[in-house]
1. Hey, P56 hits all of (1) part of a strand (DSSP E or B); (2) of a type outside the set (K, R); (3) surrounded by 17 or more Cβ atoms within 10 Å (Cβ to Cβ); (4) at pLDDT below 95 but one; which does it fall short on?
2. Kindly evaluate T20 against the criterion of being among the polar types (S, T, N, Q), under 19 Å from R111 (Cβ atoms) and out of contact with any helix residue (DSSP H, G or I) (no Cβ under 8 Å at 6 or more places or on another chain).
3. If I ask for residues that are assigned to a loop (DSSP other than H, G, I, E, B), surrounded by fewer than 17 Cβ atoms within 10 Å (Cβ to Cβ) and either touching a Pro at 6+ places or on another chain (Cβ under 9 Å) or of a type in the set (A, V, I, L, M, F, W, C) (or both), which ones from the range 77-108 would you list?
4. Kindly list the number of the only condition in (1) over 16 Å from the mean Cα position of the chain (by Cα); (2) of a type in the set (A, V, I, L, M, F, W, C); (3) closer than 23 Å to I6 by Cβ that fails for A69.
5. Just to be sure before I move on: is D83 charged (D, E, K, R) and touching a residue at least 24 places away in the same chain (Cβ under 8 Å) in the structure I sent?
6. Between a first residue in the range 43-57 that is in contact (Cβ under 8 Å) with a residue 24 or more places away in the chain and a second residue that is exposed (fewer than 12 other Cβ atoms within 10 Å of the Cβ), which pairs have beta carbons less than 7 Å apart while being 6 or more apart in sequence or on different chains?
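The values are calculated or read from the model by the stated rules, or taken from the named source; none is laboratory data. Since this is a predicted model, take the numbers as computed values, not measurements. Backbone-built Cβ (ideal geometry, glycine too); neighbour counts: all protein chains shown.
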Amino acid sequence: MSENSIPKNGAVCWRELATTDRPGAETFYKEMFGWELKPSKIPNIDYTEIFIGGVPSGGMITMDEKWGAELPPPHWVTYLSVDNIEETSQKITANGGTICGEPFDVEGVGRIAMVQDPCGTYFAILQIQMPG
């Protein structure tokens with residue numbers, strides 16, 4: 001997603017790999033696809049950003065003890081852009097989905113919530129913060 005544009009409501013806007021072996025994942029994807037990987041500039045987070053063709057397209061985060069006693073398997077999460085995270089959260093629950101945790105703010109990014117559809121599929125919703 002470019003810094004000057006906000007994807008339409010419902011559009012895929014970010015992809016994130018959660019893994020216990022981020023260095024190994026970084027090597028694999030960089031070698032496989034030629035991705036450019038950079039440490040995130042977001043304060044207080046150890047995160048690798050993925051750039052494809054110079055465009056920020058996703059990230060990688062390490063699952064550790066902060067994730068709980070039993071870690072899930074490594075996985076990709078798809079983020080969908082939303083205009084209003086509170087309204088979208090209400091629509092998700094009204095349509096049989098689940099909000100897995102209260103929306104939270106990420107400085108310089110926006111508000112995020114992990115959710116599940118009625119079939120049990122996890123995804124994230126992201127209300128992008130306008131720059132400035």
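1. (3) is the only condition that P56 fails.
2. The answer is no for T20.
3. N95, G96, C100, E107, G108
4. Failing condition for A69: (3).
5. Considered against the rule, which asks whether it is charged (D, E, K, R) and touching a residue at least 24 places away in the same chain (Cβ under 8 Å), D83 comes out as yes.
6. Between residues of the range 43-57 that are in contact (Cβ under 8 Å) with a residue 24 or more places away in the chain and residues that are exposed (fewer than 12 other Cβ atoms within 10 Å of the Cβ), the close pairs are P43/E107; T48/P39; V55/S2.
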